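The values are calculated or read from the model by the stated rules, or taken from the named source; none is laboratory data. Not measured: the values here are computed from a predicted model. We place every Cβ from the backbone using ideal geometry, glycine too, and count neighbours over all the protein chains shown. Remember, those area values only see protein heavy atoms, side chains included, never the ligands or the DNA or RNA. Shrake-Rupley method; radii C 1.70, N 1.55, O 1.52, S 1.80 Å.
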Amino acid sequence: MTATDQPAPRHLLLVDDDRLVLSTLSMGLQHGGYRVSTAESAEEAEVMLAGGLRPDLAIVDIRMSGQDGLYLARRLRELDHIPFIILSAYSEEHMIGQASQLGALGYLVKPLDTSQLLPAIEAALARANELQGLRETRAQLQAALDAERDISVAVGLTMAQHHLARQDAFELLRKLARTQRRKLAELAAEIIRG
């Protein structure tokens with residue numbers, strides 16, 4: 001296996017307004033094999049995201065000057081479902097609850113070092129992959145349901161227009177789709193639009 005065959009390191013976005021924490025954790029994560037981008041505020045992180053940055057995981061301090069970590073967590077969820085872990089110096093129940101409601105894949109209490117953070121990152125990345133797979137499956141199922149609905153509506157329209165029984169209308173549409181070398185769902189959508 002050559003160096004070019006190795007997968008690219010996972011990309012992390014680390015957001016904390018404490019420069020010492022940011023620097024220490026960033027260096028430790030880079031030594032742990034991750035590519036790390038850092039931001040000292042939610043606003044700076046938002047600018048980076050608006051510029052096209054798409055990390056595999058964000059690690060966000062909950063209490064920062066300016067917008068807090070929960071605000072950024074909402075933005076991460078809205079923006080391509082970027083997964084995140086919350087860091088906090090506090091283990092307050094209501095903060096943990098809010099972070100969970102926003103979809104946090106972890107909540108870690110500072111102070112912590114890289115060796116404590118690495119297992120949480122790996123677990124969060126694995127969970128994020130599972131969630132992405134579920135979103136993709138849901139989208140595929142929704143597309144299949146939409147296609148099935150369109151076919152049913154097109155069959156109903158064909159039944160009414162040609163005074164056919166349901167099975168005969170379906171067979172007519174299926175033959176027409178086959179003759180035109182098109183998917184039945186495409187033909188059905190066109191009939192509905194027409």
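State yes or no: is residue 112 hydrophobic (A, V, I, L, M, F, W, C) and either closer than 27 Å to residue 51 by Cα or open to solvent by 60 Å² or more (accessible area, probe 1.4 Å) (or both)? Spelling it out, it is not the case that residue 112 is hydrophobic (A, V, I, L, M, F, W, C) and either closer than 27 Å to residue 51 by Cα or open to solvent by 60 Å² or more (accessible area, probe 1.4 Å) (or both).
Within the option set 85, 59, 121, being at pLDDT 90 or above and within 22 Å of residue 7 (Cα to Cα) holds for one residue only, 59. Within the range 33-56, residues that are on the phi > 0 side of the Ramachandran plot sit with their Cβ atoms under 7 Å from residues that are of a type outside the set (Ser, Thr, Tyr) and at pLDDT below 90, at 6+ positions apart or across chains, in these pairs: 33/9. Can you work out which of the residues in the range 72-104 that are charged (D, E, K, R) and under 17 Å from residue 57 (Cβ atoms) is surrounded by the most Cβ atoms within 10 Å (Cβ to Cβ)? That would be 75. Among the criteria (1) surrounded by 13 or more Cβ atoms within 10 Å (Cβ to Cβ); (2) in contact with an Asp or Glu (Cβ under 6 Å, 6 or more places away or on another chain); (3) at pLDDT below 85, the one residue 69 does not fulfil is (3).
When residues in the range 131-178 are screened for being of a type in the set (A, V, I, L, M) and either within 30 Å of residue 80 (Cβ to Cβ) or open to solvent by 90 Å² or more (accessible area, probe 1.4 Å) (or both), 8 of them pass.
Based on what the data block shows, is residue 128 within 28 Å of the chain's Cα centre (by Cα), open to solvent by less than 80 Å² (accessible area, probe 1.4 Å), farther than 30 Å from residue 29 by Cα and modelled with pLDDT under 85? Spelling it out, it is not the case that residue 128 is within 28 Å of the chain's Cα centre (by Cα), open to solvent by less than 80 Å² (accessible area, probe 1.4 Å), farther than 30 Å from residue 29 by Cα and modelled with pLDDT under 85.
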